[in-house]
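Everything on this sheet refers to the single structure shown next.
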Amino acid sequence: MSTTVAKAGPAVPAGPAASLSVRRPLGDRAFQILALASGLLVLLILVGIAVSTSQQASSWFSAEGWKIFTNNWNPAANDFGALAFIYGTAVTALIAVIMAVPVSVGIALLLTEVVPYRWSRPIVYVIDLLAVIPSVVWGLWGILVFAPWIQHIYAHIGNVVQGVWLFGPLFGPPTSGASFFTAGIILAFMITPIVTSLSREVIATVPAIDKEGAYALGATRWEMITGAVWPHSQGGVVGAVLLGLGRAMGETIAAALVIGSSATITSHLFAPGYNMPAVIANQFGEATGVFRAALMGIGVLLFVFTIIINVLARGIVERSARRKRGA
């Protein structure tokens, strides 16, 4: 007995091959063009801002050169060293981030992983309302209510740590209610709702199957957060922190009211200081000539520093992602 085996023909495509080469609908192409134009418009606006402000600050850069990074700000003598303002911006923003980020991430994890939905919604509404409070309200509250109250606490801390290594130069007397630390606290209040809201939205996107799988393997809640939630959401949380850092570095009115307006570089955090947005807001109205160019140049420096921080943070996030993929 012989068996005949039929030869199979070529595979037939599941659908008509011609449909793959058909041009996309007009709506898709219009959306692509619109999205591309929007992205290019943002870049053009940023470039336009950088070019126009740099042109208006060119006389300061050419007149001062590298002396712009000296601590010598005296408009009456045509000395415009901006180091004190750069220092004040860095200190106040660092204080704000150190205080706000742990609280913000903790609240975000609490609302998404611990508190039931019916109890978390009112808290979310309150946080969203805090994010829309005008900065001038924060500044007025800070200088009229918060600074006089906290000055007594500063004085007590200064007396306790006076003469103590490291803590004495940072927190010892003399103290002032309007200071670096007060500005940092007010900025922390202002960026906490922003970082919290964005971190909560990012953490909420973690797939439920990842968290359930961690629990199924016997993980505790903390192990589930560190092993399943954080690896998935760390990039978004870093982005939220960067947005908060940008708000802290660029905030003007609130910082100008509570920082003390003293162009000095000191390690004493309870002493009055100055930062870049505050000096622009306080002195731009009376500035002319090189003085005005110096204030414009400070704005250019703030713009550049913000871009550098975002680029470095993006590199850190990408490096972390590559390391995770390698592992």
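The values are calculated or read from the model by the stated rules, or taken from the named source; none is laboratory data. Everything numeric here is computed off the predicted structure, so don't read it as measured data. In this analysis, Cβ positions are derived from the backbone assuming ideal geometry, glycine residues included, and neighbour counts consider all displayed protein chains. When the accessible area is computed, the model is the full protein with side chains, heavy atoms only, and any ligands, DNA or RNA have been set aside. Shrake-Rupley method; radii C 1.70, N 1.55, O 1.52, S 1.80 Å.
Structure notes:
- Taking (1) at pLDDT below 90; (2) over 30 Å from ILE316 (Cβ atoms); (3) among the aromatic types (Phe, Trp, Tyr) in turn, TRP222 satisfies each apart from (2).
- In the set ALA178, ALA183, ALA188, only one residue is under 18 Å from MET249 (Cα atoms), out of contact with any Ser or Thr (no Cβ under 7 Å at 6 or more places or on another chain) and part of a helix (DSSP H, G or I); that residue is ALA188.
- Verdict on THR226 being more than 30 Å from ALA271 (Cα to Cα), β-branched (Val, Ile, Thr) and more than 24 Å from the chain's Cα centre (by Cα): no
- Single match in ALA278, ALA287, ALA228 (criterion: in contact with an Asp or Glu (Cβ under 6 Å, 6 or more places away or on another chain) and of a type in the set (A, V, I, L, M)): ALA228
- Top-ranked residue of the stretch 138-171 - restricted to ones that are in a helix (DSSP H, G or I) and touching a Pro at 6+ places or on another chain (Cβ under 8 Å), ranked as most open to solvent (accessible area, probe 1.4 Å): ASN159
- Residues (open to solvent by 80 Å² or more (accessible area, probe 1.4 Å) and more than 30 Å from ASP79 (Cβ to Cβ)) located in the stretch 29-63: PHE31, GLN32, ILE33, LEU34, LEU36, LEU40, LEU41, VAL42, LEU43, LEU44, ILE45, VAL47
- If you check ALA294, ALA240, ALA313 for being among the hydrophobic types (A, V, I, L, M, F, W, C) and either open to solvent by 30 Å² or more (accessible area, probe 1.4 Å) or modelled with pLDDT of 90 or more (or both), only one passes: ALA294.
- Just one of the listed residues (VAL115, VAL103) is farther than 30 Å from ALA263 by Cβ, surrounded by fewer than 18 Cβ atoms within 10 Å (Cβ to Cβ) and within 17 Å of the chain's Cα centre (by Cα), and it is VAL103.
- Test: ALA228 is without any contact (Cβ under 8 Å) to a residue 40 or more places away in the chain and either hydrophobic (A, V, I, L, M, F, W, C) or closer than 30 Å to ARG319 by Cβ (or both): yes
- Residue that is most open to solvent (accessible area, probe 1.4 Å), among those in the stretch 263-291 that are among the β-branched types (Val, Ile, Thr) and part of a loop (DSSP other than H, G, I, E, B): THR288
- Tallying residues that are under 23 Å from GLU286 (Cα atoms), open to solvent by 60 Å² or more (accessible area, probe 1.4 Å) and either outside any loop (DSSP other than H, G, I, E, B) or of a type in the set (Val, Ile, Thr) (or both) within the stretch 64-82 yields 4.
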